[in-house]
1. Restricting to the stretch 1-55, and then to whatever is polar (S, T, N, Q) and more than 26 Å from VAL297 (Cβ to Cβ), can you tell me which residue is most open to solvent (accessible area, probe 1.4 Å)?
2. Can you find even one residue in the stretch 43-50 that is out of contact with any His (no Cβ under 9 Å at 6 or more places or on another chain), in contact (Cβ under 8 Å) with a residue 40 or more places away in the chain and of a type in the set (Lys, Arg)?
3. Here is a check on your reading of the model: is GLY210 crowded, with 19+ Cβ neighbours inside 10 Å and at negative phi?
4. Tell me yes or no: at least one residue of the stretch 248-260 is over 23 Å from SER107 (Cβ atoms), over 24 Å from the mean Cα position of the chain (by Cα), more than 16 Å from ligand 2 (Cβ to nearest atom) and open to solvent by less than 10 Å² (accessible area, probe 1.4 Å).
5. Looking at SER57, SER17, which one is more than 28 Å from the chain's Cα centre (by Cα) and among the small types (Gly, Ala, Ser)?
6. Quick one: would you say MET222 is open to solvent by 40 Å² or more (accessible area, probe 1.4 Å) and among the aliphatic types (A, V, I, L, M)?
7. Within the stretch 183-207, how many residues turn out to be over 23 Å from the mean Cα position of the chain (by Cα) and either in a loop (DSSP other than H, G, I, E, B) or within 23 Å of LYS147 (Cβ to Cβ) (or both)?
8. Which ones in the stretch 126-182 are under 14 Å from MET365 (Cα atoms), away from ligand 1 (no atom under 16 Å from the Cβ) and assigned to a loop (DSSP other than H, G, I, E, B)?
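The values are calculated or read from the model by the stated rules, or taken from the named source; none is laboratory data. Given the structure is predicted, the values throughout are model-derived calculations rather than measurements. Positions of Cβ are generated from backbone atoms using ideal geometry, with glycine treated the same way; all protein chains shown enter the neighbour counts. Note: areas computed on protein heavy atoms with side chains; ligands, DNA, RNA excluded. Shrake-Rupley method; radii C 1.70, N 1.55, O 1.52, S 1.80 Å.
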Amino acid sequence: MAVDVISSPIPFEDYFSLDDSECEQRIIEAKQALGEDLVILGHHYQRNEVFRHADYSGDSLKLSRNAASSDARYIVFCGVHFMAEVADILSRPDQIAILPDMAAGCSMADMANRINVDKAWQEMSAVFDPDTLVTPITYINSAADLKSFCGKHGGIVCTSTNAPHVLDWAFSQREKILFFPDQHLGRNTGFKMGIPLEEMVVWDFDKPMGGLTPEALKNAKMILWKGFCSVHQMFQPVQIDNFLKKYPETKVISHPECSFEVCQKSHYVGSTEYIVRTIAESEPGTRWLVGTELNLVNRLHEQFSAEGKSVHFMSPTVCMCSTMFRVDPQHLLWVLENLLEGHVVNQVSVEPDTAAQAKLALQRMLDLPI
Ligand code: 13P
Ligand code: SF4
């Protein structure tokens, strides 16, 4: 069947007047009718009412592999914009990637862009030739044109799961790394691999030369972009100290987007998939304090209480990814019902030249043996 790609906003009154059970029932029916033409991918941070409809769930690495291996004509990504871009880049040209709500971005990804990264590369070349000395690594939480920058300059993409392996690869190519946009993932991973903190400098993209002296740049092994996740920066070491005073037997597990101090105080650090797996494999009766997004922690709390495990959220205040939360059941239903009528709404499509170079950097990552 031929499809039209249309650009129109969700008809608010048609979808937001539905009650939850009606919305859910219509999503189930639309999924059934679309059959093998459709795959729904759901990131762990999605709210339950959306997450339950995912054919595959996981972290960014797992979902990018799912997108690359799917045969479905439509890949509906319940996550954020960069994830749908990766699905578009890695899927076949005849497949269509869809993001239910185009406003679902990632505030951390937005902290680096092609203009300020090109400028940084240019400014560094006053001190050394970056194309000889520096491997650029972009966290998968970044726009496609930054992945394309890495493809063009001999660089690579990483996720929170494979960051140590990617750093190994990067150092086997060149002696320094420029890591963007998340300084915390860069620092936590570099330190774990034995790079002293003094050899990791922060590039402040608002300042000339990143606010660094030529000497500091020459001595650095890792140049970390001054980006961060506004959700994970809410977790504080004192929250761990206070909890451990009350429940000393607690195991602490955090996402590597948390600060260095939080990760240093955590017993385990890893991606969302790692967090899910580690808690699932723990002994009944274990108490967990978790430093990652609230929707996932709430789900883990519900899922594992039956096994006698208690899962607690690290922060006393709500830390929810508001952009992940943009994807609601109403938007999911809207895109599915449009597909049934032969209309594609909210297609995410990366311009071909950008996609080709971004794919180089993604493929270097996917080719690593992990
Ligand atoms: P994961 O790859 O660990 O799922 O992380 C993605 C993300 O955006 C965390 O904030
Ligand atoms: Fe981006 Fe942070 Fe949300 Fe992850 S939790 S999608 S890094 S804003």
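1. Among residues in the stretch 1-55 that are polar (S, T, N, Q) and more than 26 Å from VAL297 (Cβ to Cβ), the one most open to solvent (accessible area, probe 1.4 Å) is GLN32.
2. Yes: the stretch 43-50 contains one or more residues that are out of contact with any His (no Cβ under 9 Å at 6 or more places or on another chain), in contact (Cβ under 8 Å) with a residue 40 or more places away in the chain and of a type in the set (Lys, Arg).
3. no
4. Checked against the condition, which is being over 23 Å from SER107 (Cβ atoms), over 24 Å from the mean Cα position of the chain (by Cα), more than 16 Å from ligand 2 (Cβ to nearest atom) and open to solvent by less than 10 Å² (accessible area, probe 1.4 Å), the stretch 248-260 yields at least one hit.
5. Only one candidate passes the filter, namely SER17.
6. no
7. Total meeting the criteria: 5.
8. GLY154, GLY155
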